[in-house]
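Structure, as structure tokens:
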Amino acid sequence: MSKPIIFAKTTGLFNRNSATKLRIKLPPLFSIIIPTYNRRESLRLVLHSLARQTISKNIFEVIVVNNFPDIAIHDIIEEAVDAINIVAISEPNNGAHNARNRASSMAKGEYLLFIDDDCEALPSFLEKYHKAVSCYNPIIGGGRIEVKWDNPPPDWIARFEHLMGHINYGSKTFWLRPGLTANGGNLLVRHDFFEKIGGMEPDQVGKIILGAGDTALSLTANQHGHNVLWVGDAMVFHHQKKAVNAKINDLMRREFNNGIMIAYEALTRHHSASRKRMCVISWRLLATSIKQFYQGLITCQKHAFIASVLTICRIVGAHWFYFCKGMTIKTINFEKSNNK
């Protein structure tokens, strides 16, 4: 296990010793956790956005978890030293859940705040969360994510931005009804609750992307009687590249992974009734795909045909994982037990 490299503000009224003493007396309210995987320039952008927050830098710390240790990030971390308290660690085991769980074990904040390495927080991001925490004292919460393209994408892609993390329940703050979840690219959770439930469930085993970690966290909170607090004005941008992400094959990949998550949820949460649940979901998805296809024939709209194909990809992903990879669930459970 690598030793964390800690950087603290050392200019102005602060030096390394006084900053250390301050953190002991006044632990940060937020521990912002950023898993990163071979995205140096994106990481630089998200750290820059956190350095421009309108709230005091003393109430939050940043923990960057390098999930691809072959690529060094220390030079990027050092660029942020004068603006924020930041910790850089490495986690060689792939998967955002491994990175987030590792970071939570050393976090000092009352709340953990998860953000992706290709996101960019608005300057008021933490200020809005601070206000929401003070007023509502939530166990779990989440905020708005808008997709930001490097170049203008084709018009039809807007209907599928939810596959890229776009989520928007409105700009106000309110409790979501049970079943509605926050996205892991902008997710708040009480540190003690996160540790109580054993951290985040696996969202990746080997090269199989489950995508279930953040969704399962919200649903687990519901099971414990806690609704998700929606903080609509705590917003981040999720950066996407037109040349890579505005392609049908990339959307198909995402929907295939969503199908894997359906099968994973059926196997882990419904157990003996999983086969019946898979049949019900599959028939519903097939009916939806047929409806989308006929809508495309009638209206000659490209997005309807694309939606039909993507729904089929979800069905294929679900059945592939359920029937071909279901035995990996035992490995998943063993890994989770070992991580606790």
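Coordinate-derived values only; no laboratory data. Computed from a predicted model, the values in this text were never measured in an experiment. Neighbour counts run over all protein chains shown; Cβ positions are idealised from the backbone, glycine included.
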- Cβ-based net charge around Arg254, under 12 Å, with every Lys or Arg adding one and every Asp or Glu removing one: 0
- Mind pulling up the Rg/Rh value for the range 5-245? Radius of gyration and Kirkwood radius, both on Cα. 0.95
- Message: Report the gain in length on full extension from Glu78 to Val309: 0.36 nm times residue separation, minus Cα-Cα distance, nm rounded to one decimal.
- Response: 78.6 nm
- Query: Over the range 5-245, what relative contact order in percent results from Cα pairs under 8 Å that are six or more residues apart?
  - Reply: 24 percent
- His166, His97, His224 arranged by Cβ crowding within 10 Å, fewest neighbours leading: His224, His166, His97
- State which entries of Lys131/Lys242; Lys148/Lys172; Lys57/Lys148; Lys131/Lys247; Lys247/Lys325 exceed 30 angstrom in Cα-Cα distance in the structure shown. Lys131/Lys242; Lys131/Lys247
- Once you have all Cα-Cα distances for the range 81-158, histogram them in 10 Å bins from zero and send the whole-percent values. 12, 37, 35, 15, 1
- Using R₀ = 25 Å, calculate the FRET efficiency as 1/(1 + (r/R₀)^6) where r is the Cβ-Cβ separation of Cys324 and Arg159; round to 0.05. 0.25
- For the charge dipole of the range 5-245, defined by +1 on Lys and Arg C-beta atoms and -1 on Asp and Glu C-beta atoms about the Cα centroid, which residue among Ala99, Ala158, Leu113 has the Cα displaced farthest towards the positive pole? Leu113
- Item | Charge dipole (debye, nearest 20) of the range 236-318; +1 at Cβ of Lys and Arg, -1 at Cβ of Asp and Glu | 40 debye
- Packing-based exposure ordering (other Cβ within 10 Å, fewest first) of Val280, Val236, Val81: Val280, Val81, Val236
- Note on the structure: With R₀ set to 30 angstrom, the calculated FRET efficiency between the beta-carbons of Cys135 and Arg253, to the nearest 0.05, is 0.15
- Please list, or write none, the aspartates and glutamates whose alpha carbon is within less than 19 Å of the alpha carbon of Lys196, excluding same-chain residues fewer than 8 places away. Glu110, Asp214, Glu335
